[in-house]
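Quick notes on the structure that follows.
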Amino acid sequence: MAITSISGAPYAQLTPGAVLDALDGVGIHGDGRLLQLNSYENRVFQAMLEDGRAVVAKFYRPSRWSDEQILEEHAFAAELAQAEIPVALPWPLVLDAGSTHAGLVTIAGPTLAVAALLEQERALGMDKLSFYRGFAERVLGLKARLRELLGKLKKDGHRIAAYGAAAKGSTLLNTFEIGAETLDFVVDRNTHKQGLHMPGVRIPIAPPERLCEAMPAYTLLLTWNFADEILRQQDEYRRRGGKFIVPIPDVRVV
């Protein structure tokens, strides 16, 4: 979309209102939500529409590109699509010469794959605030159940460690406020992490062999997505009586 600037600055008049007016002028009605995307030469925005779709609008630098150059860019995108290379094809729209937003308009809509994902999200209710409120409630419930279990085990005199110094584990520990007062140490197979500490909660990280050496009664599994593999790897620890606490999707002891 080429916009003629009134002042000397190329995009001085490209305010959010101007972007929405430009879209509205070609029959594309935004709901007010705009996200400016990275672009060195031009200006590119993601706009959410009233019908729930998202489009990307590209505003070309005034006097920098000719219509022929822009059409060549469109033709190249069409060639990519014909070669079955994933690309969002532009929609060329020509405005009246007297328009304040004169020039060629290019709007890229979501690909079929993105549209299918958006439909799946809508079917799950992910376009409603209630979905995320429900998610937050489930997280808080999980936090309460895990902290209750760990607190009871510590009160009964059991030692507890953790397995997996991954980002997801660090997020869980910090979000659930579980630190060195509860966990003696964390083990991880990555030698680059051993000898360091878990971010935020400052729990020391040791090699996996530490489990059988120290034999904590319970080990909180922070890499729950690899539960089956890790349980097999730690067969000796379990044979000696050690148990794992798997926190996701719900708290269970194995």
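So here's what we get for this one:
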| quantity | calculated |
| --- | --- |
| Which of 168, 155, 143 has the fewest Cβ neighbours within 10 Å, and the rest in rising order | 155, 168, 143 |
| Estimated FRET transfer efficiency when R0 is 41 angstrom, pair residue 231-residue 118 (beta carbons, to 0.05) | 0.65 |
| Kyte-Doolittle mean at least -1.0 and Cα axial length at least 20 Å: DSSP H helices in the chain | 67-82, 129-155 |
| Number of Lys pairs (Cα under 22 Å; 8 or more positions apart or on different chains) in the chain | 10 |
| Helix-only [θ]222 nm of the chain, DSSP H runs n ≥ 4, -39500 (n - 2.57) each, per residue, nearest 500 | -11000 deg cm²/dmol |
| Two-decimal ratio, the chain, of alpha-carbon radius of gyration to 2.2 N^0.38 Å | 1.53 |
| Enclosed volume per residue, in Å³, of the convex hull spanned by Cα atoms of the range 129-253 | 103 Å³ |
| Length-normalised contact order for the range 129-253 - Cα pairs under 8 Å, 6+ apart - percent | 25 percent |
| Rel. contact order, % - alpha carbon contacts under 8 angstrom, at least six apart, the chain | 12 percent |
| Low-density loop cleavage sites - GluC sites (Glu not before Pro) in the range 112-188, where at most 16 other Cβ are within 10 Å (DSSP) | 177, 181 |
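Since every read-out is calculated from the coordinates, none of them should be taken as a lab result. Please read all numbers here as calculations on a predicted model, not as lab measurements. Cβ sites come from the backbone with ideal geometry, for glycine too, and all protein chains shown count toward neighbours.
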